[in-house]
Amino acid sequence: MTDTTTTRAGSGGLARALLGRWPMVLGLAFAAFNLATDDPGSVSGPLMPLVLATTAYIVVAVLVRPRWSWPVLGVLVVAVIVARLASASQAVELVVLTAIVVGSIIIGAVRGTFSRPGLYRWQPFAAVVFMAVGLAALWLSPEAGRVLIAAGLIGHALWDFAHWRRHAVVSRSVSEWCGALDITLGIGILLIP
């Protein structure tokens, strides 16, 4: 086999490997975009991925439909984009997403969703912790708030990994995407001044 043939075969294998890990590649791309467009003097940029991920997980958990993970995430992202296009403040976005989280926890508790085995029982606690971390960051200085959000994102990446490993609650592709986004963004916030 010539070097050219080996190179083509190697690049084809790499392309197939990347296609097989498309959620991770997409998560890394979103993280890179967030870091490239981030304002280091603000908590707004890194806050929204943490809040959106938290909201999506609890909604999908209450629906008990892992295959709806991408549509739920898509609807939430579109809602935030529409709110921004309508010139709504970030406070409005956060109030709406917090209301969705609280409403989901109430509905899930009434329906008995959180008495299901495995990670379902931990969903309301995780949602409260991650939302609290995100919202608490708003009360701190931008520097301290960003560190808290970074810690929340890294913690959420561990949460993503638990879901990915167990094939639980959300689709495996969403947990892989979210994990790559969260860990990269969290570490990037800490390392990039």
**OP:** Would you mind computing Rg(Cα) / (2.2 N^0.38 Å) for the stretch 1-145, counting N as its residues?
**Re:** 1.33
Original post:
Using a Förster distance of 25 Å, how high is the FRET efficiency between ALA29 and HIS167, based on the Cβ-Cβ distance and rounded to 0.05?
Top reply: 0.55
Original post:
What is the sum of charges around ALA53, taking Lys and Arg as +1, Asp and Glu as -1, for the other residues whose C-beta is under 10 Å from the C-beta of ALA53?
Top reply: -2
**OP:** For ALA99 and ARG121, compute 0.36 nm times the residue count separating them, minus their Cα-Cα distance, and round to one decimal in nm.
**Re:** 5.9 nm
Original post:
For ALA151 and VAL75 in the same chain, what is the full-extension length gain: residue separation times 0.36 nm, less their Cα-Cα distance, in nm?
Top reply: 24.8 nm
Original post:
Using alpha carbons only, how many degrees (0 to 90, rounded to 10) separate the axis of helix 3-20 from the longest principal axis of the chain?
Top reply: 20 degrees
**OP:** Before anything else, pin down the relative contact order of the stretch 45-191: Cα pairs under 8 Å, at least 6 apart, normalised by residue count, whole percent.
**Re:** 32 percent
Original post:
With point charges of +1 on the Cβ of Lys and Arg and -1 on the Cβ of Asp and Glu, referenced to the Cα centre of the chain, which listed residue (GLY134, ILE105, LEU52) lies farthest in the positive direction of the dipole?
Top reply: ILE105
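Rule-based calculations on the coordinates, nothing more; no lab input. On a predicted model such as this, the values are computed, not experimentally measured, just so you know. Please note: Cβ atoms are built from the backbone with ideal geometry, for glycine as well, and neighbour counts cover all protein chains shown.
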